[in-house]
Amino acid sequence: MDTAMNRFAAYFAVSSLCLTGTALAAAEGTAVGVRPDALARAASDERVLFVGSDVSVGETIVTGPRGNVQLLFDDQTRLVVGPGSTLEIETYLLAGSGVDTFAVNALAGTFRFISGSSPKSAYSINTPTASIAVRGTEFDLTVGGGRSFVLLYEGALTICRSSNCVNLTNRCDIGTVAGSSANLFSWRDDERNRVVPNFPLSNIQSSFLPPFRVSGGQACLVPPPQPASGSLVDRSTGRPAPAQNQPCTDPQNC
């Protein structure tokens, strides 16, 4: 049962770890928020996850249709495994105050990734159809039906299918991989509206602990306001360009 006391205890735990950087003694990460059903599976073992459960390299996190898990790792990386999802923790190698290699396989479902203190080169995120390189990033990821979708909130990332890659550098950019192609949709691309429904986590993030929420996430799910008639548009972001002083062409009215 999701009581107020349980939610307070979970929030206190994740806040304490974020502030102090306390190392996890026996594992690479901890489930600081759990909504049943959620399991951790290894080669010969399966266990139910609760708030405070450790997760380790080689384990696969599996959630039920209404479950989710919020994972906090030693380097303060935060991962949400959304409803009906499967994620494998492949590699986690510590190096000083960060990690040398942090690799996960997002096999199916919906996920949120908020990078921690480790160098950007440490992170490796793979799906059955794509690979993702991150650069100080907050993003949502959805995997299924032979396709991968990413929605960028902060930072930058690159999503690739073999040698076909697209770079996401602006807030609300969407990248998709299907078949052998990779595509980029900026905030003002009309076609992005057909892929937006693949990102459900911002609509349910009120149930997440505060460190696992993204600011203004729902704003990336709605069409942008149309610019006023005659206004300029910044082609790099799809947003209205800042107003600029225009030269006066009618001296009598200047």
Out of (1) in a loop (DSSP other than H, G, I, E, B); (2) within 23 Å of Leu107 (Cβ to Cβ), what's the single condition that is false for Trp187?
-> (2)
Being outside any strand (DSSP E or B), closer than 26 Å to Pro128 by Cβ and modelled with pLDDT of 85 or more narrows it down to one of Val69, Val57, so name that one.
-> Val57
Select, from Arg112, Arg192, the only residue that is part of a helix (DSSP H, G or I), touching a strand residue (DSSP E or B) at 6+ places or on another chain (Cβ under 9 Å) and either at pLDDT below 95 or within 20 Å of Thr77 (Cα to Cα) (or both).
-> Arg192
What is the residue count in the range 123-157 for residues that are over 10 Å from the mean Cα position of the chain (by Cα), among the polar types (S, T, N, Q), within 16 Å of Gly84 (Cα to Cα) and in a strand (DSSP E or B)?
-> 1
Residues located in the range 72-109, provided they are crowded, with 22+ Cβ neighbours inside 10 Å, charged (D, E, K, R) and not in a loop (DSSP other than H, G, I, E, B) | Arg78
Scan the range 151-195 residue by residue and report those that are among the polar types (S, T, N, Q) and under 18 Å from Thr129 (Cα atoms).
-> Thr158, Ser162, Ser163, Asn164, Asn167, Thr176, Ser180, Ser181, Asn183
Scan of the range 38-48 for residues that are over 21 Å from the mean Cα position of the chain (by Cα) and either in contact (Cβ under 8 Å) with a residue 40 or more places away in the chain or assigned to a loop (DSSP other than H, G, I, E, B) (or both), ordered by number | Ala43, Ser44
Look through the range 126-149, keep the residues that are closer than 17 Å to Asp173 by Cβ and among the hydrophobic types (A, V, I, L, M, F, W, C), and return whichever of them is surrounded by the most Cβ atoms within 10 Å (Cβ to Cβ).
-> Leu141
From the list Gln218, Gln226, which residue is part of a helix (DSSP H, G or I) and at pLDDT 60 or above?
-> Gln218
Could you tell me which residue of the range 150-204 is surrounded by the fewest Cβ atoms within 10 Å (Cβ to Cβ), considering only residues that are polar (S, T, N, Q) and within 17 Å of Phe113 (Cβ to Cβ)?
-> Thr169
Please find, among Thr60, Thr77, Thr86, the residue that is closer than 27 Å to Ser206 by Cβ, in contact (Cβ under 8 Å) with a residue 40 or more places away in the chain and of a type in the set (Ser, Thr, Tyr).
-> Thr77
Name, by its number, the condition in (1) closer than 18 Å to Asn198 by Cα; (2) in contact with an Asp or Glu (Cβ under 8 Å, 6 or more places away or on another chain) that does not hold for Leu141.
-> (2)
Condition set in contact with a Pro (Cβ under 8 Å, 6 or more places away or on another chain) and surrounded by 15 or more Cβ atoms within 10 Å (Cβ to Cβ), scope the range 12-36, selection modelled with the highest pLDDT: answer is Val14
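The values are calculated or read from the model by the stated rules, or taken from the named source; none is laboratory data. For clarity, every value in this text was computed on a predicted model and none was experimentally measured. All Cβ positions, glycine included, derive from the backbone under ideal geometry; neighbour counts span all protein chains shown.
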